[in-house]
1. How many angstrom lie between the C-alpha centres of segment 104-162 and segment 1-31?
2. Per residue of segment 168-174, what does 6.51 cos²θ - 1.76 cosθ + 1.60 with θ = phi - 60° give for ³J(HN,Hα)? Whole Hz please, x for Gly and Pro, Karplus curve as stated.
3. Once each part is reduced to its C-alpha centroid, what is the distance from segment 44-62 to segment 191-223 in angstrom?
4. Antiparallel DSSP bridges in the chain: what percent, to the nearest 5?
5. Quantify, in whole percent, the carbon and sulfur part of the accessible surface of the chain (1.4 Å probe; protein heavy atoms only).
6. Any lysines with Cα under 25 Å of the K5 Cα? List them, leaving off those in the same chain fewer than 8 positions away.
7. For M139, what charge total do you get from the other residues with a beta carbon under 14 Å from its beta carbon, if Lys and Arg give +1 and Asp and Glu give -1?
8. What ³J(HN,Hα) values, in whole Hz, does the Karplus curve 6.51 cos²θ - 1.76 cosθ + 1.60 give for segment 123-139 when θ = phi - 60°, with x put for Gly and Pro?
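The values are calculated or read from the model by the stated rules, or taken from the named source; none is laboratory data. Computed from a predicted model, the values in this text were never measured in an experiment. In this analysis, Cβ positions are derived from the backbone assuming ideal geometry, glycine residues included, and neighbour counts consider all displayed protein chains. What goes into the accessible areas is simple: the full protein's heavy atoms, side chains included, and nothing from ligands, DNA or RNA. Shrake-Rupley method; radii C 1.70, N 1.55, O 1.52, S 1.80 Å.
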Amino acid sequence: MGLNKLTNRIYFLEHDPEVDRPVLAYIKGDKFSLAIDAGYSASHVQDFYREIEAEQFNKPDFTVITHWHYDHTFGMHAISGISVAHNKTNEFLKGQQEQAMDPGYIEILKREDIHFRQEYCGQNKLNIVLSDVSFSDNMTLDLGGVTARIFHTVSPHSEDTVCIYVPEEKVLFLGDSTSEDFFNGGYMDRDKLQALIQMIQSTDCDCCILSHCEPLRKADLLDYLCSIEV
């Protein structure tokens with residue numbers, strides 16, 4: 001599939017709708033590199049790293065998690081470097097660890113989600129880990145020549161949602177933040193959506209990256225979000 005170049009600093013492995021793998025992104029600093037999200041599985045991470053190495057880039061020094069859902073976190077045990085997540089993300093993952101103590105839990109997930117069944121075909125156990133570093137509000141990483149501003153935000157999708165803003169490149173990574181809450185019957189909280197729209201509007205970005213679609217111009221994303229807000 002190969003890495004797609006968004007800017008001189010930002011590259012991404014595009015989403016794979018066949019198995020619902022989300023975008024995995026790579027920010028290349030002069031001193032450090034940072035990945036966004038830890039992928040669906042060890043296999044997803046390996047595919048990502050293979051493409052990173054094909055570009056002769058270093059493996060990520062940091063990996064930031066956008067939210068706890070398994071397609072973004074269940075590969076975290078296989079990453080290189082230091083993982084970073086919101087406190088609430090680790091709380092949710094702790095709950096997943098407890099459920100995964102039951103060897104039948106992976107079969108429950110396979111029955112519930114056809115994409116999970118494809119991703120974990122032939123596997124009978126899960127390796128769920130918490131992040132190395134956690135935070136409650138925001139943090140900033142200076143990667144050398146480029147900055148990652150990592151912050152918690154209100155979102156209708158998940159209460160632990162984290163976004164990553166790269167001001168030098170005017171790129172905002174939004175994870176799945178604009179989507180409804182699939183773990184609450186697909187409910188779309190309009191107040192939370194409005195708060196998210198206001199955050200995007202106030203952010204000086206040209207490009208927005210969602211985890212399950214192609215990169216979008218800020219104006220195009222806002223037009224779409226405002227159309228579903230009513």
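1. 16
2. Values per residue, Gly and Pro as x: 5, 9, 6, 10, 10, 9, 10 Hz.
3. 27
4. Working: 26 of 39 bridges.
Approximately 65 percent, going by the DSSP bridge assignments.
5. On the way: 4820 of 10620 Å².
Carbon with sulfur: 45 percent of the solvent-accessible area.
6. Partners found: K28, K31, K59, K170, K218.
7. Details: positive: R149; negative: D132, D137, D142.
Here the count lands on -2.
8. Ordered by residue, 3J(HN,Hα) equals 9, 10, 8, 10, 10, 9, 10, 8, 6, 6, 10, 10, 8, 10, 10, 7, 7 Hz.
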